[in-house]
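Data first, discussion second: the structure below is written as structure tokens.
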Amino acid sequence: MSQDLPGEIRSDERFDESILARYLKEQVPELEGDMSVEQFHGGSANLTYAVSFGDTQCVLRRPPLGPVAPRSHDMRREFRGLDALAPLYPHSPRPIHLCEDESIIGAVFFLMERRNGVVIRNEWPESLPDDESLRRRISESMIDALADLHCVDPTRPEVAALGKPEGFLERQITGWAGRWERAKTRELAEMDGLRDWLLENRPTSNQVSVLHNDYKLDNTIYDLQDPGRLVGVFDWDMVTLGDPLVDLGTLLGYWSQPSDVGPRAATGTPVSKCPGFLTREELTERYQERTGFDLSDLSFYEIFALFKTAVVVEQIYVRWVKGQTKDARFEALGSLTPVLAAAARECISN
């Protein structure tokens, strides 16, 4: 059964490995032997590398090349979040070292432990059996892990330092609306209308939890020997405290199912349409049973998630437009932003 394996480093995303090796051996004495570096190619934002010293496997994370949106791709925040959560939440990798000296590889970065396993992206991995019961277990494991995160005590001092939950939801809406204004490559009246609707219909937040803030299937990893068991959650650079339904809405916004039609059918992760994966309704029911949270306003959070994803896509696409990245995958993203906006509008109408 194959793992989510790294490969050759893209030419424009290389750095001087000898400088990194010297630095890490000075700062992390337990790293011994010759260093080797490869790159994980699955993500579309932060750059992630497999760094090995002998038999010791680590992961290095840094922001993408070029200018990035304010307060996004925050390696310091991610390191602090992992440091606080590692003793409390078994699915968060253990952080090893934060480097704030940008001269080492050209950006702030951090090193963390490597969790090996299977990552499920747009298609069902050929290494896994075509098994509906396995896909159900994966769905259950994923939603259970989210519910468990939201049950971590947010009042513990090391956790409470991760964010300010008061006014969180309003800040999220205005913040993402501002990111849209800075990133947009064209005018989209649909996005302006969604911004106004979200501000006018914002519910009162009733719960405070630790938020991953980008929780989705391809940010989780599953055991090689028992692939129905989740063994890690990644991409914690937006970790904070706030309304947990933002996380659940994000997951639902990315989650496709066979009954989707119109713009909604063109959004989300297509693999979740495979037989056996839970539907959005089933995910919601299991989450509610595990947390006991009030989900009466959940549709708002799914609409917000689609709006936010449209902004994220535009932020990535504008980097391609401005020549700040040469990753050819990003060229096609420009057509996805209006589809996501239309899907959010459709959710309002239904």
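The values are calculated or read from the model by the stated rules, or taken from the named source; none is laboratory data. All values derive from a computational prediction rather than experimental measurement. Note that we place each Cβ from the backbone using ideal geometry, even for glycine, and neighbour counts take in every protein chain shown.
Points to keep in mind about this one:
- The residues on offer are Phe300, Phe307, and the sole one that is at pLDDT 95 or above, under 22 Å from the mean Cα position of the chain (by Cα), in a helix (DSSP H, G or I) and closer than 21 Å to Gln207 by Cα is Phe300.
- Ser272 assigned to a helix (DSSP H, G or I), of a type in the set (S, T, N, Q), buried (at least 21 other Cβ atoms within 10 Å of the Cβ) and modelled with pLDDT of 95 or more: yes
- Residues located in the range 240-250, provided they are in contact (Cβ under 8 Å) with a residue 60 or more places away in the chain and either touching a Gly at 6+ places or on another chain (Cβ under 7 Å) or assigned to a helix (DSSP H, G or I) (or both): Thr240, Leu241, Gly242, Val246, Asp247, Leu248
Residues checked against (1) within 30 Å of Pro227 (Cβ to Cβ); (2) in contact with a helix residue (DSSP H, G or I) (Cβ under 6 Å, 6 or more places away or on another chain); (3) touching a residue at least 24 places away in the same chain (Cβ under 8 Å); (4) outside the structural domain of Asp153 (by TED's automatic domain parsing):
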site	(1), (2), (3), (4)
Arg76	no, no, yes, yes
Ala86	yes, no, no, yes
Gly106	no, no, yes, yes
Asn122	yes, yes, yes, yes
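- Filter pass, Tyr287 being farther than 23 Å from Pro338 by Cα, hydroxyl-bearing (Ser, Thr, Tyr), in the same structural domain as Val152 (by TED's automatic domain parsing) and buried (at least 22 other Cβ atoms within 10 Å of the Cβ): yes
- Only one of the numbered conditions (1) assigned to a loop (DSSP other than H, G, I, E, B); (2) within 15 Å of the chain's Cα centre (by Cα) is violated by Gly253, and that is (1).
- Residue within the range 147-169 that is in contact with an Asp or Glu (Cβ under 9 Å, 6 or more places away or on another chain) and assigned to a loop (DSSP other than H, G, I, E, B) present: yes
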